[in-house]
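The values are calculated or read from the model by the stated rules, or taken from the named source; none is laboratory data. Since we're looking at a predicted model, the values are computed, not measured. We place every Cβ from the backbone using ideal geometry, glycine too, and count neighbours over all the protein chains shown.
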Amino acid sequence: MENKQYDSIIIGAGPAGLTAGIYLSRAKARVLILDSGMAGGQIILTHEVANYPGFESISGYMLAMNMKKQAEKHGCEIKTNAQIIEYDLQAPLKQIKLSNGESYTAKTVILATGGRSRKIGAIKEDDFAGRGISYCATCDGDFFQDREIIVIGGGNSALEEAVSLTKYASKVTIVHMLDQWQAFASAVDEMKENPKIDYLMNSKIVEFVGQDNLAHVIIEEVATGKRYAKKIDGVFIFIGYVPNTEEIKGLVELNQYGEIIVDAHFKTNLEGVYAAGDSIVKRYRQITTAVSDGTQAALNVLEYIKQ
Amino acid sequence: MTLQTNLQHLVTAVDVQKLIDENENVMVCCGRMGPMCVPVYNIMEDLEKSGKYNHVKFADMLFDTPEAHIIRNLPECRGFMGLPFTVYYKNGRVTKATSSIQNLNQVLDVLDREFKQ
């Protein structure tokens, strides 16, 4: 079985991981990037990216593929759908083992594990995924032509996607569990101006009900606990992300939200182990901030390797 | 028009029928080049490249072509409201169909169960 040694192994091939890979490989470091899915991370879920400098508008998929190509061009090895079964991050020479028997060692590791869409945790949420519940408006919006749908969330993504879904749906009801919006005022205004959109504040869905397909939801009023059923054809969920750090829990220091704690040099509590991107403790999670994290983590790794 | 993947592209319903007639184990992913579909194509490409699933034929089909009725109208896909529609055929018959994005473990679970060697 393969057992290769690198200067750095990067866990995660999203914008942070790919950027770190580009910087390290351009500096002639031997770099391996591992990802449990495909390269690109969360940005492949973004239909249009309009705030990445240098591109007036680009699909998230294209931006991700450009980053991947650039990393490979500079010499990064990228393994997608790689299932890590063991981490040894304590020793001076770090070791990562995969389920296929392959094993890799490196002087440094950059954890750029990113995040994933948060689920609401309601009863039967998993059962109706693809059968009425969706996490992607651009992918599945047209299945709900002239139908009534719910959008869950109160941030920018939820409100913007609710507006975009009015192209298809006859009516969109936004269900938000707080009594105020987290979205920017411009997004709230645009949502309120749309005649097809209605909203329920202080409310949450606690159960999804149906046979083969979603038929109705049980909504709970947060303040009173009162529950009632609402007939609905589809539900789109946009309530943010959770960090992908379950596998490294107990190995590096995390905060109470499962985010990796790093210092100003993007170093974790372990010598030679750095972290970058959406999985670290930070306020703003954008492609640009992930790219910035990846750059800084890589430059610090280069300093560390030189020692 | 075909999808931009390295998988075998099925363009017509006849292509689909021929593939499932001529092969014992077939996995077809019917979708678009969208965020929920591309990860599934990527898993199929990696599995095909790995050589560990040589007993399975992997293919894709564009969801929006009229010819995709052969997938879209399957009884097993009734009620699906999320792309891609992924269909597994054993000896010409549908053994499993899934809607929306799937991860590697979900795909492996079906392949190892339905197409056991």
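Taking region B:1-15 as the range and being surrounded by 14 or more Cβ atoms within 10 Å (Cβ to Cβ), of a type in the set (A, V, I, L, M) and not in a helix (DSSP H, G or I) as the test, the residues that pass are B:L3, B:L7, B:L10, B:V11. Could you list, in sequence order, all residues of region A:196-208 that are outside any loop (DSSP other than H, G, I, E, B) and free of Cβ contacts under 8 Å to residues at least 40 places away in the same chain? Result: A:I197, A:D198, A:Y199, A:L200, A:S203. With respect to the conditions (1) surrounded by fewer than 19 Cβ atoms within 10 Å (Cβ to Cβ); (2) modelled with pLDDT under 95, A:A39 lacks only one, and its number is (1).
Just wondering, is there one or more residues in region A:172-190 that are over 23 Å from the mean Cα position of the chain (by Cα) and in a strand (DSSP E or B)? Yes, some residue in region A:172-190 is over 23 Å from the mean Cα position of the chain (by Cα) and in a strand (DSSP E or B). On the stretch given as region A:117-153, residues that are in a loop (DSSP other than H, G, I, E, B), in contact with a helix residue (DSSP H, G or I) (Cβ under 9 Å, 6 or more places away or on another chain) and away from chain B (no Cβ under 14 Å) total 1. Within region A:154-163, if we keep just the residues that are in contact (Cβ under 8 Å) with a residue 60 or more places away in the chain and over 22 Å from A:H216 (Cα atoms), the residue that is surrounded by the most Cβ atoms within 10 Å (Cβ to Cβ) turns out to be A:S157. The set of residues from region B:89-98 being surrounded by fewer than 23 Cβ atoms within 10 Å (Cβ to Cβ) and either within 11 Å of chain A (Cβ to nearest Cβ) or not charged (D, E, K, R) (or both) comprises B:N91, B:G92, B:V94, B:T95, B:A97, B:T98.
Residues of region B:47-78 that are crowded, with 17+ Cβ neighbours inside 10 Å and facing chain A (nearest Cβ under 9 Å): B:L47 alone.
Within region A:243-257, is even one residue part of a strand (DSSP E or B) and closer than 30 Å to B:P75 by Cβ? No: zero hits. The condition of being buried (at least 17 other Cβ atoms within 10 Å of the Cβ) and more than 20 Å from A:T138 (Cα to Cα) does not hold for B:Y41. Inspection of region A:135-153 identifies no residue that is in contact (Cβ under 8 Å) with a residue 40 or more places away in the chain, polar (S, T, N, Q) and crowded, with 22+ Cβ neighbours inside 10 Å. Of the residues screened, A:L63 is not one that is surrounded by fewer than 23 Cβ atoms within 10 Å (Cβ to Cβ) and out of contact with any strand residue (DSSP E or B) (no Cβ under 7 Å at 6 or more places or on another chain). If you filter region B:16-41 down to residues that are closer than 12 Å to B:A68 by Cα and touching a strand residue (DSSP E or B) at 6+ places or on another chain (Cβ under 8 Å), you find that the one that is farthest from the other protein chains (Cβ to nearest Cβ) is B:V16. List every residue pair whose Cβ atoms lie under 9 Å apart, where the two residues are 6 or more positions apart in sequence or sit on different chains, the first residue falls within region A:179-195 and is in the same structural domain as A:A223 (by TED's automatic domain parsing), and the second residue, located anywhere, is surrounded by 14 or more Cβ atoms within 10 Å (Cβ to Cβ) and acidic (D, E). Note: pairs meeting the criteria are A:A183/A:E160; A:A187/A:E160; A:E190/A:E160; A:M191/A:E160. Do we have any residue at all in region A:164-173 that's under 16 Å from A:I123 (Cβ atoms), surrounded by 15 or more Cβ atoms within 10 Å (Cβ to Cβ) and assigned by TED's automatic domain parsing to the domain that holds A:F128? No - not one qualifying residue is present in region A:164-173. Would region A:86-103 turn up any residue that is among the β-branched types (V, I, T) and within 14 Å of chain B (Cβ to nearest Cβ)? Within region A:86-103, not a single residue is among the β-branched types (V, I, T) and within 14 Å of chain B (Cβ to nearest Cβ).
Is it the case that A:I78 is hydrophobic (A, V, I, L, M, F, W, C) and farther than 12 Å from A:I22 by Cα? Spelling it out, it is not the case that A:I78 is hydrophobic (A, V, I, L, M, F, W, C) and farther than 12 Å from A:I22 by Cα.
Conditions (1) within 30 Å of A:L98 (Cα to Cα); (2) of a type outside the set (D, E, K, R); (3) not in a strand (DSSP E or B), marked per residue:
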position	(1), (2), (3)
B:Q17	no, yes, yes
B:G34	yes, yes, yes
B:N42	yes, yes, yes
B:E67	no, no, yes
B:I70	no, yes, yes
B:Q102	yes, yes, yes
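Cβ-Cβ distances below 7 Å connect the following pairs, each with a first residue in region A:2-16 that is closer than 15 Å to A:L111 by Cα, a second residue that is among the β-branched types (V, I, T) and assigned to a loop (DSSP other than H, G, I, E, B), and a separation of six or more residues or different chains: A:I11/A:T113; A:G12/A:T113; A:A13/A:T80.
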